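Heads up: the structure comes next, in structure tokens.
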Amino acid sequence: EIKNLEELFDQRIARDEKIEPKDWMPEKYRKTHIRQISQHAHSEIVGMLPEGNWISRAPSMRRKVALLAKVQDEAGHGLYLYSACETLGISREELYEQLHSGKAKYSSIFNYPTLTWADIGAIGWLVDGAAIINQVPLCSTSYGPYARAMIRVCKEESFHQRQGYEIMMTLAKGTPEQKELAQDALNRWWWPSLMMLGPSDAESVHTEQSMKWKLKRKTNDELRQQFIDQTVPQADLIGLTVPDPNLKWNEEKKHYDFGDIDWDEFWQVVKGHGPCNKERLSARVNAWEEGEWVRDAAMAYAEKQQNNKIK
Ligand code: 3HC
């Protein structure tokens, strides 16, 4: 019986059909989507913290408004993704508990500090740039609610990437000190941005199955290569140097060859020993605890409204 159901399911995936919440799906399909979508949502919410650090110190009103809009977008992306994840039969409370207890992962990239204003440019340019490359293929992922959430997210991400690159362009064209700020930010954010796209395909435990289920449409290494090929010319254009002495255009392969990634650093950060892991998690736990009275008040108010309606 199950065998037939699995066969029917695989045929649907082969026909590029969208799997919807009420459709039959293998338990492992459900579990891996809860894993990936929840960690994607956690990344959006935690990702607000490094950027939020500079809202009150943005150098102009225009920069402050753009950064506020971006951080607000990330919150929205997180809520879409939590909602998409709930369609798989897990509650919002459980999802938050998994983040706050350290059980669930979120993107390694958000465990690095934002030391100068130029970091906000580097994050928009590199982190959102890598996020777009990773998320565009997810628009055609087999699980309906995830694919639909990604379409809206990708539209907003391209604005994030543009505002980040404009900040870097402005600094690179500014005073020598400003150009140095931009170069320093590129030096610190380049390699963590490459790591954000996940371990190498050889090290990736999920890629093979995720490709079969059309959850992943491109592998980690393919996306990383696409990010490098797209981003290096953008650095050249504004006179910044990518901090990789082995970076070299390979005319034959029509790709950039690049140096070795420090996977020890990556796994250290993923395991919770990055520069900001403790700070990020306690910021989220504090926000949850301090916000409890707001949630209770909102529920009490909603109940009162409901009772008034019934009278
Ligand atoms: N940070 C933390 N953990 C990571 C990671 C990263 N950058 N890359 C991989 N991992 C974890 C995986 O979660 C997995 O651990 P798990 O089994 O406990 O979940 C393990 O390392 C093995 O990695 P795999 O490559 O086998 O795992 P995946 O197939 O899940 O691939 C991924 C990792 C490419 C990140 C994939 O999960 C994905 O595409 N996720 C959706 C996109 C996403 O989450 N992006 C994060 C950034 S969101 C963002 O940038 C918002 C923007 O607005 C700024």
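The values are calculated or read from the model by the stated rules, or taken from the named source; none is laboratory data. Only a predicted model underlies this, so the values are computations on that prediction, with no experimental measurement involved. Cβ coordinates were reconstructed from backbone atoms using ideal geometry, including for glycine residues, and neighbour counts include every protein chain displayed. In case anyone asks, the SASA skips ligands and DNA or RNA and just uses the protein heavy atoms, side chains included. Shrake-Rupley method; radii C 1.70, N 1.55, O 1.52, S 1.80 Å.
How long are the semi-axes of the equivalent ellipsoid of the stretch 39-152, defined as square roots of 5 times the Cα gyration tensor eigenvalues? Whole Å, largest first.
26, 16, 12
How much accessible area per residue does the stretch 19-98 have, counting only protein heavy atoms and a probe of 1.4 Å, in square angstrom?
44 Å²
Enter the mean projected area of the convex hull around the alpha-carbon atoms of the chain, in nm², rounded to one decimal.
Projected over every direction and averaged, the Cα hull of the chain covers 20.0 nm².
Compute the relative contact order of the stretch 158-227 as a whole-number percentage, counting only Cα pairs closer than 8 Å that sit 6 or more residues apart in sequence.
Answer for the stretch 158-227 is 20 percent.
How do Met211, Met195 stack up against each other in accessible area, from largest to smallest, with a 1.4 angstrom probe?
Working: Met211 65, Met195 5 Å².
In descending accessible area the options line up as Met211, Met195.
Starting from the Cα-Cα distance between Asp257 and Leu5, subtract it from 0.36 nm times their residue separation and give me the gain in nm to one decimal.
My answer for the length gained is 86.3 nm.
Carbon and sulfur together cover what percent of the accessible area of the stretch 58-189 at a 1.4 Å probe radius? Mind showing how you got there, number by number?
Working: 3160 of 5130 Å².
Answer for the stretch 58-189: carbon and sulfur cover 62 percent of the accessible area.
Do any of Lys179/Lys278; Lys22/Lys218; Lys31/Lys105 go past 20 Å between their Cα atoms, and which?
Over 20 Å apart, Cα to Cα: Lys179/Lys278; Lys22/Lys218.
Pull up all non-local amide H partners of Gly174: gap of 5 or more, or a different chain, and H-to-H distance under 5 Å with H placed in the peptide plane.
Lys179
How big is the Kirkwood radius of the stretch 241-311, worked out from every pair of different alpha carbons and given in Å to one decimal?
17.6 Å
Treat every Asp and Glu Cβ in the stretch 190-263 as -1 and every Lys and Arg Cβ as +1, leave all other atoms uncharged, and give the resulting dipole magnitude about the Cα centre to the nearest 20 debye.
460 debye
At each listed q (0.13, 0.19, 0.21, 0.22 Å⁻¹), what is the log10 of I(q)/I(0) that the Debye formula gives for the stretch 9-88 modelled as equal alpha-carbon point scatterers?
-0.55, -0.81, -0.91, -0.96
If you keep only loop residues by DSSP, which GluC sites (Glu not before Pro) in the stretch 217-297 have at most 13 other Cβ atoms within 10 Å of their Cβ?
Glu251, Glu252
For the chain, with the dipole built from +1 on Lys and Arg beta-carbon atoms and -1 on Asp and Glu ones, taken about the Cα centre, which of Leu197, His40, Leu68 lies farthest toward the positive end?
Result: Leu68.
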